[in-house]
Each structure stands twice: as structure tokens, then as C-alpha cells.
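The values are calculated or read from the model by the stated rules, or taken from the named source; none is laboratory data. Computed from a predicted structure; not experimentally measured. Quick reminder, even Gly has a Cβ in these numbers, built from the backbone with ideal geometry, and neighbours come from all protein chains shown. Remember, those area values only see protein heavy atoms, side chains included, never the ligands or the DNA or RNA. Shrake-Rupley method; radii C 1.70, N 1.55, O 1.52, S 1.80 Å.
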Amino acid sequence: MLLAAIGGIGTYVYIVPRLPDIGSLKDVQLQVPLRVYARGGELMAEFGEMKRIPLKYEEFPKALIHAVLAAEDDRFFHHPGVDYQGILRAAWQLARTGERVQGGSTITMQVARNFFLSREKTFLRKINEIFLSLKIEGELSKEEILTLYLNKIYLGKRAYGFAAAAQVYYGKPLAQLDLPEIAMIAGLPKAPSRYNPVVAPERARIRRDYVLGRMLALGYINKADYTRSKQVPVHAGVYGLNIGVEAPYVAEMVRNEMLKRYGEAAYTHGFEVHTTIDARLQKAANRALRDDLLAYDRRHGYRGIIKHVDLLNLDGGPDEMAAWAAVLQPLKSVGHLRAALIISVGDHSAYAFSRDGQIVYLGWEQIKWARRRIDENHLGPKLKHAADVLKAGDVVYVVAAKTGCHWLAEVPKVAGALVSLRPQDGATEVLVGGFDYYQSKFNRVIQAQRQPGSSFKPFVYTAALDKGYTAASIINDAPVVFDAPGLEDTWRPENYSGHFYGPTRLRVALIKSRNLVSIRLLRRIGIGYTVRYVARFGFKPKNLPRDLSLALGSGAVAPYQLATAYAVFANGGYKIKPYFIDYIRMNDHIIEMTKPLQVCPKCEAVAEAQTKAKAAKKASQKTISKTAGLAAKSNESIEDGPWVLPPRYAELDEREWAQIRQGPALPRLAKRVLSPQTAFLINTMLRDVIRKGTGRRALVLKRKDLGGKTGTTNDQRDAWFTGFNGDVATIAWVGFDTPQPLGSHETGARAALPMWISYMRTALQGRPETPLEQPQGIVSVRIDPNTGELADANQADAIFEYFRSKNVPQRQTDEPSANSPAQGGSNITEQLF
């Protein structure tokens, strides 16, 4: 006994000083994956090797705690961290058989092992485990120890902790599990692989029933619950995340950004990134893009079925549906397309068995489009019967139609992109980078550099407005030939229609997207001036050509960049910076929050007042304006003193002042890059594009506050529609990833505008129209629509046009004015120097 006592004391003296610090357990950083959320809290994605959802002790169901205690350590709340009875049983087993086996491990000892020790079975590790457990019990409460265990333990299928296991095996939160399901996962810690309910359902059932039996013996459940739970069959599976919104392109952007900021720690430190994405609008955007690309596909013919199988020779026994399902099982969904097996074909219809186990009907309207594709401009003969394209045993894709039928479909080869920004601060409300992220991870919104075509023209026209031109300035729309080494030996641009329209007002030229007017306008204002001017919208000069093709949008831009530029038109002339991360949380605390550039004209007034007040104080001016009290309210850090304030300060009411006073400073203000007058003029011109120009199909939305521009490049290789109102700026693009013609008549109005309309119908729902306020310095006068000159009082066909006060035209005289038509006949040859 004396030798044993000395040995015990020596062991204690040797081991205890070498034990790790338990204090780290009080603030332990569990490896928790990166999670990405939409603006409303809907889960978008999760990144990280370990699936873990840490919970607090009070968040764990009582039934789970009882089940775990029954299975692992029923004396947990009574022993000091070491169960001496269990150790004696293990020692007896060693003496009787000579084998070292795991025994007597309490939950506290498992926590010690999982956090600090290896899993090797040695006497030294066991002794360390015992002393470490006693130390843990001395510094942590039982509830804290059990919480660590319930969150840390590995339970198979990359699930760490019971909350993650509930999601992985049953696809629902831990709080929603019933008793048989709780008993099933409570039995996993002993051997997660051996008792896995997916891999070994029978062994898992035996283990579950054992846990239920222990719960009954300990009085945690009654006999009826025990009997009923044992009768429930094993129904676990392997479930993915409960994704609340499909936005994988945005999620990948977030992952890349977090990796830049935090390195590999981004995957393990439990960051929760809340984005600016609106889940409702994102769903509408996904549908709009996919429907648009499928509609394009239907206009250009069917490339063929996936494969054909012999229905009579399928190996499925008497259960033919099981055989059908086996055929479709390898074919994953693409976007909202589902694989289906044609099981019968009628004269003008067909029935199919879909991958999700449904019998679906394909009507003639959903089949007859599938003429054989020859090329982008030619199709095979019209179909007369469904059998001309389908037969039983064909494996195809289908997609649900609004009528309840299903379209025959195929995965589009054409690509698309859709992005929508909030013009007031650049928040990205939706972003769709392609038809299906898992088919192609290429994010066309930010990675595709494409020619914007005519959607670039408004920037040229804006540059002209700031160089003295007006919406009524006349430019001749006539044939023109340019000799320029930078282009070709001779360049003969044309309008899309192939016609020429003579002297044309700039407003009409933009509405009708007249190429020749745009080229002549660019030549007059200067290429260098225009390239420098459009940089204020965010365009990179190095990506813009230094020739007259710039007027037709021959530069390279990404949809995200173009959306940012159009936001300047939407918000009245301010350059914003787009962003998609709103804030980042970790351990229930916000650690980062984006402070975007914001459009706030009234805040500009406050900032101006503060600047003037500081300047006034510094100069020791003695004049105090009547609005000094308001200035003091706007910035309480400025001491009372002499103030000189702008008159428009009186526009702010008490509520607005209260909002401005919140926080340590005013918001970061977006820089004004267009004067209010220029912004107003180009906005009215872009609204007319929709009222009576190439974008008039958007009139179906029945709103008067929409502006926009179609865009089509040479040979219809790119199709755009860029449109906005005061609340939304949205870009839709369609084209092939490897540029090639979309086909005849596949302009922006036909290929891209329907996508834009479909999305905007949802985005604008419930939003009031945004009025366009006429700024000071702008007047409306009657002009002659043919000459752009001031109209006579009795001129019947006169129209109203907006001008800067200093640019109002004069009535026609013998002398040509700045608004006179360009001189020259219909065959003009110009040299480019």
C-alpha cells in the first residue's frame, strides 16, 4: 500500500504539471465551416471540410441529452470526471483476458481525449486522460463539459456534433428530430462507421434499440415510447444543406473574397457572411435567365436526345418504374431541367417518367418546336407528329410549363448573365452568372469581357451633352466610308435596318439606335475626349478602342461593370461602387460591415454646411446665420460658434436630422460625376428608348419610370438590355462563351430584353414609380421636329424638348445655327486622322 501511495504521488507530481491549460476550453474555437446567407438570413452555401453547427447547452433537446447519457455515461452528473467503477471493469477485463480494451471512458474523459490527447490505447495516455479529466471537472461545469462534447464529437459523413448529424442524416434541425431519430444518432459516438445508418442500417438499428433500452431502464422514456420507437424502420439518408436561395455564383464570389481576407482560416473559424442578395428576387432572376435561354434554344432547333434505351430489355423485374429510375439515376438535374424517359408517344403528345418519379405529359405545343437544328439560321422541316422527334425509350430533358404540361428541352449551349444593383449604394440584389453553376462555374457577370454594342451609345451621347450638344442637335444619318489603318482599309458602317434616314435629332438617333449618327457624333466631339469622359462611369480606358468603332460599343466590358455604369444614370449622376457582402459575423458578433458609397443629396447639404461651419470658425467670422441651430444638430462635435450655412439647409426636417445624427459620422458619400442637368437630359432620352424605341417591348410592365438601351454587336454575337429606374439597375446579356453569331434577328430586343422584363416584373412589384425631377437650369420649349430649331407659335407639328437654359435654340434664320443639319449629300467620304 505504501509503495502504491508513493507511486501514485510520483505519477501525480510527474504528470499534472505537464497537463495542458484547461482555460482554452472556456473559449474554445471549434472548427466551424464558412456559411453564406442572403439578406433575409436564407442560407446560400457552406464551405469547409467539417460540418458543424455549434449550439448552446439550452438549445439541445432534453431527449438527446438523455439518450447520450444513456448510451455513453449514465453517471455523468454524479462522478468527478472519472468513473472508478468503469475503470475497475476495464482492469478486470485486462487481468482476465490479457487484452487492453477501452473501458471506463466518461464523457469528460472523451472531451479530454478529443481536445488534447491522441486516440492511441496506451497506459500513459489513459493516466494522462484521468488526471486531465479531473482537472477539467475542477474548472468547468457539467453543462459546459457536455456542451463541448455534443458539439465536438465526430458522428460520420463529415458531421461533427449532433446538430450537424441531424442535418446530414435526416435533413432537418436537431430540434425537429423524433425519439427514434435521436436514439439513432446518440448511438453513433461509439463507432460512427460501424453503426452508420446509411452504410449499415441493420447494425445501426440494433445500436438504436440498445440506446432506447438504456433510456427505458434509466426512466427517461416509458414503455409505450420504447415499443413504438423500436417499430420505426431505419430511414436515415445523406442530406445536403437546406439551401434557402440558389445563388452559387455569388457564394463563390464570397468564398474567394473571404479567402483573400482570412486565408485558410475562412473555412474553419465559423464566419457567417451576410450578403446583399434578395432571396425572392434571386429566385425570379434564376427563372428569368433560364426561361430566356430555353426560349432562344427553341427558336433554333433541337440537337437531339440524350440517349435511347430498350424499354423491353431493362433489368428491373416486375417493378418497371424501378428499372426506369435506374436508367435516369446517373443524370443530374441541370438548372431546372430534369431527365426523363419517354414511355409512350401519341400522335401529338407523349408521356415520360421523370427522374423525381413523376409521370409527366408533353403536349404538342411543347414538342412541335423541336425541328432539327441545321445551324443558327436554318432548321429542318416542320414536325407533323410527335414520333418525328420522339419514341419510347428516348432519354431527354424536360421542364415544367406554366400550363401544367412539360416542355421537351435540352441543355442550352448559349450562355447568359443577369445582375441587378441598387443604384443608391451599389448593393448587388441579384446575380446569375450562367444557366447552371455546376455545369459551368464560369461567372459571366464578372468574368466575361464582351462588347457592349449599342448599350454603350448613351455614354457617347452623355459626353456630347456635356460638350454643348443638345437632344435636338441634328446629325446627318447618311452613308459614310472611313479610311483608317486602325480599322480596315475601308470601313462602311451601316444601321441595323440597312436604311439611311437623313438629318436626325440626337434624341431620335438614340431612341432608334442609329449607328451612323453615333459615329459622326463621336468624330465631332473627339475620341480622346470621349475615352477620358467615360472613365468617370468606371470604364477602363485600356479596354476601349481608340477609333470610331467605340461609338458602336466595340470595347470590352463585363456585365457587372456595365451595371455599375448604368447605375449613374439611374441615381441622377453619382458613381457608386458595387458590393455584395453586407456584414460578417463570428461568435455572434459583427466583425466587419461594408460601408458603401451612398447617394444622399441631403447629406451633401449637411457635409457642405459642416465644411462651411468649420471654415467660418477657423476664419473667426462673426456672422451667425438663422440656421445655426440646425448646424449644431448636424454635428454635435462642432462647438458653438460663427456659422455660415447654405440656404437649402431648411429642407431637412427634424426626423431627417435625427437620422443624420445617428452614428459617429455621415455616410460615405458617392461622388457626383454628372451634373443634375446632364443626368436629367440623358435619363429622358433613355426613357424614350422604352416609350417609343428599341426597348418598347418593356411597355408591357406598364410603368413610366423605366429607361434603358438595347445592345447588339456585329453578327449578333452579343445581345444586351440594360435598363433601370430610380430603385433598380439591371443588366441582361445573352451570347456564346466562345463568341459566335446568335442568329438572324437575335438582337438585344429579342434575345435579352425578355429576360430583363421577366425579372423586372418581380423586382418592381409593390414599388411606386420614381419621379424624374426637373433640376434648375433645365427648360422645356417647343421645337420644330425636323430642324431642332425653336418652333413658331402656330406650328402644328411642334414638339416639346428639354434644354439647358443656355442652350435653348433660336428660331430659324438665314444663318445656320449650332442645331442646323449637317451639310453634305448622301455620299459622304470622310478621312480619319
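Projecting the Cα atoms of Tyr210, Gln176, Pro197 onto the charge dipole of segment 173-232 (Cβ charges, centred on the Cα centre) puts Tyr210 farthest toward the positive pole.
Dipole magnitude for segment 129-199: about 360 debye, using +1 per Lys or Arg Cβ and -1 per Asp or Glu Cβ, origin at the Cα centre. Distance between the C-alpha centers of segment 478-537 and segment 412-430? Whole Å please. One Cα centre to the other: 29 Å. Relative contact order (percent) for segment 418-497, with alpha-carbon contacts under 8 angstrom and 6 or more residues of separation? Relative CO of segment 418-497 lands at 13 percent. For segment 237-391, the relative contact order works out to 18 percent when only alpha carbon pairs closer than 8 Å and six or more residues apart are counted. Computed in the context of the full set of protein chains, the accessible area of segment 220-328 at 1.4 Å probe radius has 52% of its extent on carbon or sulfur. Taking all protein chains together and a 1.4 Å probe, the residues Ile446, Ile475 rank Ile446, Ile475 from largest to smallest accessible area.
Across the accessible surface of segment 476-604, with the other protein chains kept in place and a 1.4 Å probe, carbon and sulfur atoms take up 52 percent. Beyond 22 Å in Cα-Cα separation lie the following of the pairs Lys283/Lys307; Lys51/Lys190; Lys540/Lys806; Lys51/Lys152; Lys575/Lys709: Lys283/Lys307; Lys540/Lys806. For segment 454-610, the residue among Ser497, Ala607, Thr470 whose Cα projects farthest onto the positive side of the dipole built from Cβ charges is Thr470. Placing R0 at 35 angstrom, the Cβ-Cβ distance between Tyr438 and Glu59 gives a FRET efficiency of 0.60 after rounding to 0.05. Each part gets one Cα centre, and for segment 41-79 versus segment 736-769 those centres are 48 Å apart. Taken about its Cα centre, segment 446-580 carries a charge dipole of about 500 debye when Lys and Arg each add +1 at the Cβ and Asp and Glu each add -1 at the Cβ. Counting alpha carbon pairs within less than 8 Å and at least 6 residues apart, what relative contact order, in whole percent, applies to segment 160-274? Over segment 160-274, the number comes to 27 percent. Dipole check for segment 190-250: with +1 at the C-beta of Lys and Arg, -1 at the C-beta of Asp and Glu, and the Cα centre as origin, the magnitude is about 420 Debye. Shown for segment 370-413: the carbon plus sulfur share of the solvent-accessible area, taken with all protein chains present and a 1.4 angstrom probe, equals 53%. Each part reduced to its alpha carbon centroid, segment 172-234 and segment 240-284 end up 35 Å apart.
Solvent-accessible area per residue in segment 300-429 equals 47 Å², computed with a 1.4 angstrom probe and all protein chains kept.
Ligands, DNA and RNA are left out, and with a 1.4 angstrom probe the accessible area of segment 154-200 is 32 Å² per residue. Solvent exposure of segment 479-580 amounts to 37 Å² per residue of accessible area, where only protein heavy atoms count and the probe is 1.4 Å.
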